[in-house]
Every structure is written in structure tokens, then in C-alpha cells.
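The structure under discussion appears below in the form of C-alpha cells.
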Amino acid sequence: MEEALDIKASIRGNKVFLQGSEKSVGKAEKLIQEFYSINSGGYTISPEDVKFALRAMQDTETEGDSVSSLKPASPSLKEFFQSNIPLSAKKKFIVPRSETQRQYIEAIKQYDMVIGIGPAGTGKTYLAMAMAINALLNKQVSRIILARPAVEAGEKLGFLPGDLYEKVNPYLRPLYDALFDMMEAEKAHGLIEKGIIEIAPLAFMRGRTLNDSFIILDEAQNTTSEQMKMYLTRLGFNSKTVITGDVTQIDLPPGRVSGLVETRKILKDIKGVRFVYFSEKDVVRHRLVQEIIKAYDKFEKSRSIKP
């Protein structure tokens, strides 16, 4: 906070003393008060939360002509934390770390089909997984289905050892990782064994009608046009689906059209389908990931410019 706002801060007992310009001290004071209010509500503030708040404040100042009311972001931090996803597992609840993430959570609450598109590390799959677990715990759905296309990224499936399940299992590992991060492993394994949580390759969805389910399709940029149409028509009664993908990381063979890219054109005018677009500003991994994404974007743009 000192570095971002150009202030000096010190703690004596239970008091924080701030030194700096009136404007900067006012921002810091408002930020601390908001965090105190959020903490009093039962949420433990992490260093990442402070970094997010400061970044949101700076983004607001950049976009607007001025910040009147000394609010650290619009909407306020408290509104962000009110958009939390309650979990009765390892974490008390999960909160959005950017305005786009907040909009994404609200969209999943309101729409039966949400399509999140953006770079790696923006929380597309993680937040969708949290919403799915929350819906299951609140008995809004009776099962969770997590699907991924098993597309080869430089390595042929046929060369991998084991049967079909063992060949495709590595492609599903990121979904297991997100699940186990939010739920005790023993409980998660129990739900998987009972079929209440199903993690499977996209090909296993063919011919099914998925009622009373929360379905997540991850890495959707690697679906073909036919696969995407097949998946979209699986949705049954009292079901919700979230489709996530990064259109800059397509591993399909040359000449094949990404189902996710095509879907943006086909479904754009359908009411009840919500598209949410993420950018490098929404990356919640290591700060270097943001810089790497920016560097690749710059490189790709320069390569596409013809002399």
C-alpha cells in the first residue's frame, strides 16, 4: 500500500498511522476501513486481496477523469466481497478478484448458459467449479459434470501407456486439481465414486441428456464445430452450463475450426446465453503471468502486421 499510494504507514498497538498527501492518505484510510468491515464479517484478508484492491483502485483512476468519493473501485470492495461463493469446505468462501470475475459470477447466477473466454489464469474454470459445488451443496442440482476435450498438444494419445481411461486422465487433471482445492479429497472421491461428481472426456457426453446438473466444459477452444454442437444440445431441464476457453491457445490440427470461436458468431443473438470476456487484467496467478500474456499479445500482433 505504501508503494502503490506513495505513503508511509506504521502500526502502534491497534492503530495505523498514515503519512503522505491528503489525497493518498484519504485513499489508504478508506481502503483500510473497507478491509476492516470485510474482516469483521468473517473473511480473512490475504495479501492477494490487498493487491487486487490497489490494482482495482488504479484501474478506476485510469479509466475515469477523477475518483470522487475516494472509493477504491466501482463497485466498492464490499460489493465485490458480497459476490462471494460460499463453500463449506477448505475455504469459507471464494471472492472475485476483478470486476470481470464479479460479472462472471453474477452471470452464472442469472443465466443457464455462460461462456467465459480469456487467457490462462483468469479464474474461468476455478470460479465455475466453485459455483457448481455451491449449487450442489445448496441442492440446486443433483450432480456436477466436468468435461474436457482430450486433444493432443504435441503428444499422441496412442503413444501413452495404459487403457483409454489412463490415456485421457492426464487431460482431466486440472479439473481434479480445482475440485480438490475446494473440497476435502476424501469427500470429493466419495462423490466421484457415487457418480454425483463426474469428470470425463467430452466424447463421453454424446447421446446423453443432462437433467438437474451443473455442467462445465473446460478448454472449449479445442472442441471441433461438431463437438460443440453436440455438447450444447445435451442441456436438459433444471440444468446450468459454463463453457470456458482461451481462443489464443487452440491445439486443433490445422484446418479445423474451433467450436468455441464459431460459437461466438452463432449464439451471439440468443437471449439466455451470456458471454463474458476476460483480459490479462483479470489474471490472478503470479504477476509474471500478466506480463507474459501481454508480451505474447504484443508479439502476435507484430507478427500479423504485414510489411
Exercise for the section: Give me Rg over Rh for the stretch 246-292, both radii from the alpha carbons and Rh done the Kirkwood way, two decimal places. Expected result: 1.07
Practice task
Hey, can you find the accessible area per residue of the stretch 240-305 for me, probe 1.4 Å, expressed in square angstrom?
Solution key: 70
Exercise for the section: Take the Cβ-Cβ distance between V50 and K187 as r, set R0 to 51 Å, and report the resulting FRET efficiency rounded to the nearest 0.05. Expected result: 0.95
Exercise for the section: Just grab the label-to-label distance for Q110 and R264, each label 7 Å out from Cα along the Cβ direction, in nm (one decimal). Expected result: 2.2
Completion exercise
In nm², the average projected area of the convex hull spanned by the Cα atoms of the stretch 214-300 is 7.1
Completion exercise
Simple spin-label estimate for K294/Y277, 7 Å along Cα→Cβ, in nm, reads 2.0
Handout entry: Computed FRET value (nearest 0.05) for K23 with R287, which takes r as the C-beta separation and R₀ as 22 Å
Key = 0.30
Completion exercise
Neighbours of G259 by Cβ distance under 15 Å: Lys/Arg at +1, Asp/Glu at -1, summed charge +2
Completion exercise
Here the tail fraction of P(r) beyond 15 Å, over all Cα-Cα pairs of the stretch 166-242, rounds in percent to 61
Practice task
Would you mind checking which residues have amide H under 5 Å from I94's amide H? H placed 1.01 Å from N; only 5 or more apart, or other chain.
Solution key: I85, L87
Problem - Projected label distance in nm at R208 and A9, using a 7 Å step from Cα toward the beta-carbon - result: 4.8
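The values are calculated or read from the model by the stated rules, or taken from the named source; none is laboratory data. It should be emphasised that the depicted structure is a prediction, and the values quoted were computed from it without experimental measurement. All Cβ positions, even for glycine, are placed from backbone atoms using ideal geometry, and neighbour counts span all protein chains on display. Just so you know, the surface numbers come from the protein's heavy atoms only, side chains and all, with ligands and any DNA or RNA stripped out. Shrake-Rupley method; radii C 1.70, N 1.55, O 1.52, S 1.80 Å.
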